[in-house]
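A short write-up of the structure that comes next.
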Amino acid sequence: MPALSDLSLGFRAAYLDYERLTAQLRTWAEAFPHLTRLQSLAKTPEGRDVWLIAIGRDPDRIRPAAWADGNVHAGELAGSSVALALAEDALRLHVEPDAVDLPEPIAARLRDILFYIVPRISPDGAEHVLRSGRIVRSVPRDTRVDRGTPRWVLGDVDGDGLALSMRVKDPGGELVEAAGFPGLLVERTLEDTGPFYKLYPEGTIEHFDGKRVPNPLYVGDNPVDLNRNFPWSWAPTHEQLGAGAFPASEPESRGIVEFATAHPEIFTWTNFHTFGGVLIRPPGHSPDDKMDQEDLAIFRQVEAWMTEHTGYPTVSGYAEFLYEPDKPLRGDLSEYAYNQRGAIAYAIELWDLFKRLGMERPPKFVQYYDRVSRADVVKLAWWDRDENEGRTFPKWRPFQHPQLGAVEIGGIDPRVGIWNPPLHELARVCTAQAHVFFRVAALAPKLEIAKIDRHPVGEGITRVEVRVANTGYLGTYGVPSAKHLDFNEPIYATATAQRCELVGASHQVLGHLDGWGRGLHTGANLPAYPGTRGTTHAAWATYLVRGAGVLDVRAGSARAGFITARVEV
Ligand SMILES: [Zn+2]
């Protein structure tokens, strides 16, 4: 078998374009056909595939699965690299087991679970960002029918192939050059003497009247944010910016929802974003005391691993990541995965830039983004020049704009350094995330046929008792709150007889089976009142069989997968 390092196309040290990302996935699929299934979840309007690679021994057999995705937002390329690194590490569990950097009980558990990796949810968006630097929130298209209002159309205007920023001198400008770094624009204060600047995206203005410059919008000419387009708690655009016309209106989100609906075996769901250096967990819509407290204990375990291996803090979306107070985000992917698919789901903002700048943690994590000071950004610019090859702050170049006259173009390119970690740090980010991802994946339930007993009961009849047990961390339902989800059926067992005859029911409902894990800080370490649960992790299927032959027993559920046993009677 080829070595994984020989098959790598460099995603731990570069941000791959679509062609290279596709080639990476195909390379793995061709080298390890017994361990992989590569499928397209959707075809984008620009003709690209949203790839999902399933990885695991016997990849067609349904069993507990761990999901990771990245790059739902166009500029958040590091998520793709981390997702590809997780795919490579998942392959390593099987093809280079001696090189796996995980405790053996965890690695052994992982060899029996499935991984679903979607490295790039928005390949069209990522491609526009990689090629031109143009700001694209998620997908690079605009299908709005309302076209009458003047607006910015982003794109290259000076012919260098890039669509970065334009600055225009204006006494009423909000920005001024920092004294500490030539060309660096910072927020103006009363003490500044100018010159002052307006800052616009590189591009042109549709319906320009020659005088009034419209506000550039963050979502600009690409109004749908896929991470507001998922069906759980979706709300229309006038209530939630970026929502799209209706839930899962876009092929990319639609493809994910269709796959997830057909695959209730997804127990954990990691959604990679950039940037900030934080894990954002549910609940996004209420305080922690309104959350299922057993779920919360499991998230505390995830939090402990995240702190240990990455140094990133964990916050709830509601407590520390609302852009507006008391206005929960609607239609986002991780809330869909938790509330509607019952997964241990969360978003990770990769790249702890604020910590690098030495900023003090504000009361709410989201305030970091607002509190970057002039000194912080000067520090960032010097760091960029010294350690990031000056990628983030290229020089301004004078240009005669067809609508605005004298402008300067260039200046800011946030792709590598702000939106994403610098290339020399990417490998470390991938490794740190793998330590957490694989531990969370190892929480999956594990069904076993633990014991088979045969008791002759007279008249040629044998009572066969099959003990089905869950020896995994989570219950067969997943997180405790997922018990109420309609697809979350109880474990059942079905038997078929050969050369003998079943007397009585062949189909038996066994119920959900608890796991042994309950999360962190549940009091289980204190032997003041010793005792655990009874055998709530096991159940018996009992069959009466007349004659001698073979009984085939299949036990499981759509969510926990199925196991089989052959019983000689
Ligand atoms: Zn994002």
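The values are calculated or read from the model by the stated rules, or taken from the named source; none is laboratory data. Keep in mind that this is a model prediction, so the values were computed, not measured. Using ideal geometry, Cβ is built from the backbone for each residue, glycine included, and neighbour counts are taken over all protein chains shown. These area figures cover heavy atoms from the full protein model, side chains too; ligands, DNA and RNA do not enter into them. Shrake-Rupley method; radii C 1.70, N 1.55, O 1.52, S 1.80 Å.
The 3J(HN,Hα) values that the Karplus relation (6.51, -1.76, 1.60; θ = phi - 60°) gives for the stretch 136-150 are, in residue order, 10, 5, 9, 10, x, 10, 9, 10, 5, 9, 7, 10, x, 7, x Hz. Gly and Pro appear as x.
Loop-located trypsin sites (Lys or Arg not before Pro) in the stretch 126-233 (DSSP state other than H, G, I, E, B) with a sparse environment of at most 13 neighbouring Cβ atoms within 10 Å: 144, 147, 211, 212. Only aspartates and glutamates eight or more places from residue 355 in sequence, or on another chain, were considered; those with a Cα closer than 12 Å are 376.
When the Cα positions of 452, 464, 551 are compared along the charge dipole of the stretch 431-569, 452 comes out farthest toward the positive end, with charges on each C-beta of Lys, Arg, Asp and Glu.
Spatially, the stretch 487-533 and the stretch 133-172 are offset by 57 Å when compared through their Cα centroids. Computed over Cα pairs, the Kirkwood radius of the stretch 216-280 leads via Stokes-Einstein (0.890 mPa s, 25 °C) to a diffusion coefficient of 183 µm² per second. Using equal-weight Cα scatterers in the Debye expression, the normalised intensity of the stretch 372-507 in log10 at q = 0.15, 0.22 Å⁻¹ is -0.95, -1.29. Can you work out the base-10 log of I(q)/I(0) for the stretch 289-395 at q = 0.12, 0.25 1/Å, using the Debye formula on its C-alpha atoms alone? With one equal scatterer per Cα and no solvent, log10 I(q)/I(0) is -0.56, -1.46.
The fraction of Cα-Cα pairs per 10 angstrom bin, counted from 0 for the stretch 1-41, comes to 28, 55, 18 percent, rounded to whole percents. Amide H contacts under 5 Å for residue 346: 269, 271, restricted to partners 5 or more places along the chain or on a different chain, H placed in the peptide plane at 1.01 Å from N. Put simply, the Cα atoms of the chain extend 102, 54, 47 Å along their principal axes, the longest span coming first. In summary, the convex hull built on the alpha carbon positions of the stretch 184-249 has an orientation-averaged projected area of 7.6 nm². Restricting the stretch 280-380 to chymotrypsin sites (Phe, Trp or Tyr not before Pro) that sit in a DSSP loop and have at most 14 other Cβ atoms within 10 Å of their own Cβ leaves 323.
Compute the signed sum of charges (Lys and Arg +1, Asp and Glu -1) over the other residues within less than 13 Å, Cβ to Cβ, of residue 357. Summing Lys/Arg as +1 and Asp/Glu as -1 gives +1. Residue-wise HN-Hα couplings along the stretch 506-517, as the Karplus relation 6.51 cos²θ - 1.76 cosθ + 1.60 with θ = phi - 60° gives them from phi, are 8, 10, 10, 8, 9, x, 6, 10, 5, x, 8, x Hz; Gly and Pro carry x. Accessible surface for residue 430 stands near 0 Å², nearest 10, in the context of the full protein assembly shown (1.4 Å probe). When the alpha carbon coordinates of the stretch 172-301 are projected onto the principal axes, the ranges are 60, 38, 25 Å, largest first. Its Cα gyration tensor gives the stretch 436-569 an equivalent ellipsoid. The semi-axes, each the square root of 5 times an eigenvalue, are 33, 17, 12 Å from largest down. Straight Cα distances below 22 angstrom link residue 290 to the lysines 327, 364, 483, with same-chain residues fewer than 8 positions distant left out.
Note that the stretch 331-340 has calculated 3J(HN,Hα) couplings of x, 8, 5, 5, 5, 4, 5, 7, 7, 9 Hz, one per residue in order, obtained from phi through the Karplus relation 6.51 cos²θ - 1.76 cosθ + 1.60 (θ = phi - 60°); glycine and proline are x.
Cα extents for the stretch 121-240 along the principal axes, largest to smallest and rounded to whole angstrom: 50, 31, 29.
Each 10 Å bin from zero up to the one holding the largest Cα-Cα distance in the stretch 1-125 carries the following percent of pairs: 13, 47, 33, 7, 0.
If you sort 355, 395 by accessible surface, 1.4 Å probe, largest first, the order is 395, 355.
Proximity of backbone amide H atoms, modeled 1.01 Å from N, is registered between residue 491 and 510, 511, 512, 513 at under 5 Å, excluding neighbours fewer than 5 places apart on the same chain. Selection among 255, 419, 114 by position relative to the dipole of the chain gives 114 as farthest towards the positive end (Cβ unit charges, Cα centre). Between the residues 394, 382, 406, the greatest Cα displacement towards the positive end of the dipole of the stretch 368-408, with unit charges on the Cβ of Lys, Arg, Asp and Glu, is found for 406. On C-alpha positions alone, give me the angle between the axis of helix 18-31 and the longest principal axis of the chain, in degrees, nearest 10. Once rounded, the angle reads 20 degrees.
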